[in-house]
Amino acid sequence: MPDYSAYTAIKVEIDAENIAWITFNRPEKRNAMSPALHFEMEDALMKLETDDACKVMVVTGAGDSFSAGMDLKEYFRATDNNPDLRFRSLTAVKRWSDLLTWTRKPTIAMINGWCFGGAFAPLAACDICVAAEEATFGLSEVNWGILPGGNIAKVFSDLCNSRDALFYAMTGRTFDGKKAVQMGVANMAVPLADLREETRKICRELMAKGPAVLAYTKQAVKAVRDLPMDMAWEYLGAKSQALRGADPEKTREKGMAEFLDKKTYRPGLQPVKRS
Ligand code: COA
């Protein structure tokens with residue numbers, strides 16, 4: 001069983017329901033992302049991928065912040081004259097953002113408070129985003145004489161429309177959870193007091209689906225985004241075919257038999273009941 005106990009900048013806990021809670025854990029620094037945090041995230045996500053105890057991942061922050069973005073002191077200023085650490089940190093961010101984006105397990109960003117700049121990397125990498133209504137979001141890079149680097153300008157403008165992307169990147173203005181939903185940055189906003197329970201509900205819903213079906217579905221939806229239409233047809237055809245061989249639970253056969261033969265299940269009327 002993988003050991004997650006040595007981390008100091010993050011905390012990884014897998015609960016009795018098989019939900020892995022990945023918590024940015026520097027509340028005194030508003031969970032700003034230091035080089036250590038990036039190295040730990042990469043290590044944790046590598047381990048969680050094959051840890052059977054983890055069925056779904058939730059990324060969140062300790063205290064009143066999701067994350068105040070890249071650590072201006074440890075990630076930026078301290079690496080100005082340390083190209084080795086700068087390169088290693090940037091590479092780790094890229095790697096763990098990719099791991100989080102493409103993991104076969106479902107992922108939820110649970111935005112519990114401050115969410116600035118670099119924090120949009122995990123937010124966008126996760127499949128689903130649930131925000132507290134009270135959370136505060138912003139691209140504040142413009143205030144620091146930098147631009148939303150790494151992949152931030154890209155993921156932010158992929159999430160919302162280009163008017164909002166430009167407006168918030170250029171003014172550095174903040175917005176709340178409800179506005180994040182209107183912009184397409186979050187799926188839903190709920191009162192902070194209900195955030196964890198609402199997130200749990202989504203986790204349970206996801207865990208009731210076939211894991212292979214879910215993995216192939218999320219990867220397909222993400223992959224076709226940047227494909228031309230004819231390539232999307234080809235890719236989805238091949239991916240669908242591959243899924244039939246990759247689903248040990250035979251969800252397709254089971255579901256169809258329940259609907260067509262046994263007539264015990266109508267997906268439009270009730271959630272999937274799986275034995
Ligand atoms: N990088 C490094 N340190 C940060 C940080 C960041 N992005 N965000 C917060 N911190 C540190 C502060 O320097 C402070 O450290 P100190 O106690 O050693 O002085 C500590 O976290 C608490 O921050 P503070 O500003 O006192 O907390 P607050 O609750 O009053 O405000 C924020 C919280 C998030 C609104 C405010 O810290 C902020 O605006 N941070 C910058 C966010 C940002 O621009 N991020 C984009 C980076 S590109």
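The values are calculated or read from the model by the stated rules, or taken from the named source; none is laboratory data. Computed from a prediction, not measured in an experiment: that's the story for all the values here. Every residue, glycine among them, receives a Cβ derived from its backbone with ideal geometry; neighbour counts consider all protein chains shown. Surface accessibility is based on the protein's heavy atoms, side chains included, excluding ligands, DNA and RNA. Shrake-Rupley method; radii C 1.70, N 1.55, O 1.52, S 1.80 Å.
Let me have the relative contact order for the chain, percent, based on Cα pairs under 8 Å that are six or more residues apart.
14 percent
Quick check: the angle from helix 211-224's long axis to the longest principal axis of the chain, C-alpha only, nearest 10 degrees?
Approximately 60 degrees, to the nearest ten.
Output the 0 to 90 degree angle, nearest 10, between the alpha-carbon long axis of helix 229-246 and the longest principal axis computed from the alpha carbons of the chain.
On a 0 to 90 degree scale, this one is about 60.
Considering the alpha-carbon set of segment 178-275 alone, what are its Rg and its Dmax in angstrom?
Using the Cα atoms of segment 178-275, the pair Rg, Dmax is 17.0, 46 Å.
Could you give the length gained by full extension between residue 197 and residue 226, i.e. 0.36 nm per residue of separation minus their alpha carbon distance, to one decimal place?
Additional length available on full extension: 7.0 nm.
Mind checking which of 79, 56, 69 is farthest towards the positive end of segment 49-103's charge dipole, using Cβ charges of +1 (Lys, Arg) and -1 (Asp, Glu) about the Cα centre?
Checking the options against the dipole of segment 49-103, the answer is 79.
Which net charge results when you count Lys and Arg as +1 and Asp and Glu as -1 among the other residues whose beta-carbon is under 13 Å from that of residue 69?
It works out to a net charge of +1.
Of 267, 235, 143, which is farthest along the charge dipole of segment 118-275 in the positive direction, counting Lys and Arg as +1 and Asp and Glu as -1 at C-beta?
267
List the lysines whose Cα sits under 25 Å from the Cα of residue 254, skipping any in the same chain fewer than 8 residues away.
Those lysines meeting the cut-off are 55, 105, 201, 209, 218, 239, 262, 263, 273.
What's the carbon and sulfur percent of the chain's accessible surface, probe 1.4 angstrom, rounded to a whole number?
Looking at the chain in its full context, I get 58 percent from C and S.
Shape call for segment 25-130 from the C-alpha gyration tensor, a ≥ b ≥ c root eigenvalues: rounded (a/c under 1.5), prolate (a/b greater than b/c) or oblate?
Oblate, because a/c is 1.5 or more while a/b does not exceed b/c.
May I ask for log10 I(q)/I(0) of segment 137-232 at q = 0.24 Å⁻¹, from a Debye sum over the Cα atoms as equal point scatterers with solvent left out?
Debye output, listed in q order: -1.16.
Short version: ³J(HN,Hα) in whole Hz for each residue of segment 179-191, in order, from phi by Karplus 6.51 cos²θ - 1.76 cosθ + 1.60 (θ = phi - 60°), x for Gly and Pro, what are they?
With coefficients 6.51, -1.76 and 1.60, one gets 5, 4, 5, 4, 7, x, 7, 10, 6, 7, 10, 10, x Hz.
What does the net charge come to around residue 33 if you take all other residues with beta carbon closer than 9 Å to its beta carbon, with K and R at +1 and D and E at -1?
-1
Enumerate the whole-percent occupancy of each 10 Å bin, from 0 to the last occupied one, for all C-alpha pair distances of the chain.
P(r) for the chain, in whole percents per bin: 6, 27, 34, 22, 8, 2, 0.
If R₀ is 30 angstrom, what is the calculated FRET efficiency for the pair residue 104 and residue 262, using the beta carbon separation as r and rounding to 0.05?
Between residue 104 and residue 262 the formula returns 0.50.
Among residues other than residue 182 whose Cβ falls under 13 Å from its Cβ, what is the net charge (Lys/Arg +1, Asp/Glu -1)?
After counting each charged neighbour, the total is 0.
Measure nothing but the geometry: give the 0 to 90° angle between the long axis through the Cα atoms of 195-207 and the longest principal axis through the Cα atoms of the chain, rounded to 10°.
The angle comes out near 40 degrees.
Write down the accessible area per residue of segment 108-171 in Å², having rolled a 1.4 Å probe over the full set of protein chains.
39 Å²
How big is the dipole moment of the chain about its Cα centre under a simple scheme where the beta carbon of each Lys and Arg is +1, that of each Asp and Glu is -1, and everything else is neutral? Debye, nearest 20, please.
Result for the chain is approximately 660 debye, rounded to the nearest 20.
Return P(r) of segment 97-147 (all Cα-Cα pairs; 5 Å bins starting at 0; whole %; ordered from short to long distances).
Reading the bins upward from 0: 5, 21, 24, 21, 15, 11, 2, 1.
Any chance you could check the Cα centroid distance between segment 234-252 and segment 138-159 for me, in angstrom?
37 Å
Which log10 I(q)/I(0) values does segment 71-167 give at q = 0.17 Å⁻¹ under the Debye formula, counting every alpha carbon as one identical point scatterer?
Normalising to I(0) and taking log10 leaves -0.85.
Please enumerate, by chain and number, the lysines with C-alpha under 19 Å from the C-alpha of residue 73, excluding those fewer than 8 residues away in the same chain.
The qualifying lysines are 29.
Taking the highest mean first, how do the peptides 229-240, 103-114, 176-187, 142-153 order by number of other beta carbon atoms within 10 angstrom per residue?
Result, highest mean Cβ count within 10 Å first: 103-114, 176-187, 142-153, 229-240.
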